[in-house]
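Take a look at the structure set out below.
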Amino acid sequence: MESQISVSVIMPAYNAGNYIAEAIESVLCQEVPLELLVIDDCSADNTAEIAARYARDERVVLIRNKQNQGAAESRNIGIRRARGKYLAFLDADDWWQQGKLKLQCEKLQETGLVLCCTGRELMNADGSPRGKIIGAPEVITYQMLLRTNSIACSSVVMRTEAAREFYMSHDELHEDYILWLKVLKKYGNACGINQPMLKSRMSQGGKSRNKLKSARMHFGVYRLMGIGRLASCYYFLMYMFHGIRKYM
């Protein structure tokens, strides 16, 4: 069974009862051998109960944290438990288009790279389209990633061993962005599929929704990565410029 798993999908979930069924179903319709690790982070609603119903499918594993760990450590729990050659991340309020994982696995095998992302379509909280699609560059270099984070966490497929070299850290910052930077700094370019295979729900609770707080977190990532203050200011200005363009 273990050797048949191509992709381990990691889904942290906290009070996602209104959305998680759609997210899980979008995973189970993918056309690759997979496992889905749902990490319930002490939800106070019916998130765990909904996930438990899907766990009747042998591909779905429900992990319940004994105490709230946050998104970064919940994903790390999934990374440690993963059995697939590749990891994919999906937030419990997002969902995928059918065929996403197959396209990305083929792209990674074709290029020999360790990380692949896709474009995304922004959705309202109720799941209706916002009329905005954000593309993904075909090639993403470390320097490009410093200027703007073009890698959406829920769009990523990456080699499991690369994630296990670094894991996610600093939940008070953008923990996924830190991981992408560390991976690209060591392994070189990432690749992108410029199709909106990810449907990204703009829910009110996401920490990136507070733009001032998100900007401070972004600057903190540069300093954490050991980038000097002047260079950090330059990259931060690039981040602001690209951010305005992205959401216009």
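The values are calculated or read from the model by the stated rules, or taken from the named source; none is laboratory data. Treat the numbers as computed from the prediction; the structure is a model and nothing was measured. Because the Cβ atoms are built from the backbone with ideal geometry, glycine has one as well, and the counts that use them run over all protein chains shown. Accessible surface areas use protein heavy atoms only, side chains included; no ligands, DNA or RNA. Shrake-Rupley method; radii C 1.70, N 1.55, O 1.52, S 1.80 Å.
For the chain, adding -39500 (n - 2.57) for each run of n ≥ 4 DSSP H residues and dividing by the number of residues yields -12000 deg cm²/dmol at 222 nm. Once the mean 1/r over all distinct Cα pairs of segment 23-160 is inverted, what Kirkwood radius in angstroms do you read off? For segment 23-160, inverting the mean 1/r across all distinct Cα pairs yields 16.3 Å.
Of the trypsin sites (Lys or Arg not before Pro) found in segment 1-83, the ones in coil according to DSSP and having at most 13 other Cβ atoms within 10 Å of their Cβ are Arg56, Lys66. Here the chain carries DSSP beta bridges of which approximately 35% are antiparallel, counting only pairs with both residues inside. By the compact-protein rule of thumb, 2.2 N^0.38 Å, the alpha-carbon radius of gyration of the chain corresponds to a ratio of 0.95. Around the amide H of Gln69, modelled in the peptide plane, lies no amide H under 5 Å away from a residue 5 or more places distant or on another chain. Going by the alpha-carbon gyration tensor, a ≥ b ≥ c the square roots of its eigenvalues, is segment 57-127 rounded (a/c under 1.5) or, if a/c is not under 1.5, prolate (a/b greater than b/c) versus oblate? It is oblate, given that a/c is not under 1.5 and a/b is not larger than b/c. Computed over the Cα atoms of segment 103-201, the ratio of the radius of gyration to the Kirkwood radius (Rg/Rh) comes to 0.97. Note that segment 137-248 presents 48 Å² accessible area per residue, ligands and nucleic acids not counted, probe 1.4 Å. Is the shape of segment 1-57 best called rounded, prolate or oblate, per the rule: a/c under 1.5 gives rounded, else a/b larger than b/c gives prolate, else oblate, with a ≥ b ≥ c the square roots of the Cα gyration tensor eigenvalues? The shape class here is prolate.
Per residue, segment 1-127 exposes 43 Å² of solvent-accessible protein surface, assessed with a 1.4 angstrom probe and all protein chains in place. Relative to the current alpha-carbon distance between Gln4 and Arg130, full extension at 0.36 nm per residue lengthens the span by 41.6 nm. With θ taken as phi - 60° and the Karplus curve 6.51 cos²θ - 1.76 cosθ + 1.60 applied, the whole-hertz 3J(HN,Hα) list for segment 53-63 is 5, 6, 5, 5, 6, 5, 7, 9, 10, 9, 10 Hz, x standing for glycine and proline. Of the peptides 34-44, 211-221, 99-109, the ranking by mean beta-carbon count within 10 Å, highest at the top, reads 34-44, 99-109, 211-221. Only the Cβ atoms of Lys and Arg (+1) and of Asp and Glu (-1) were treated as charged; on that basis the dipole of segment 63-186 about its Cα centre amounts to roughly 400 debye.
By accessible area, using a 1.4 Å probe on protein heavy atoms only, the chain has 51% of its surface on carbon and sulfur.
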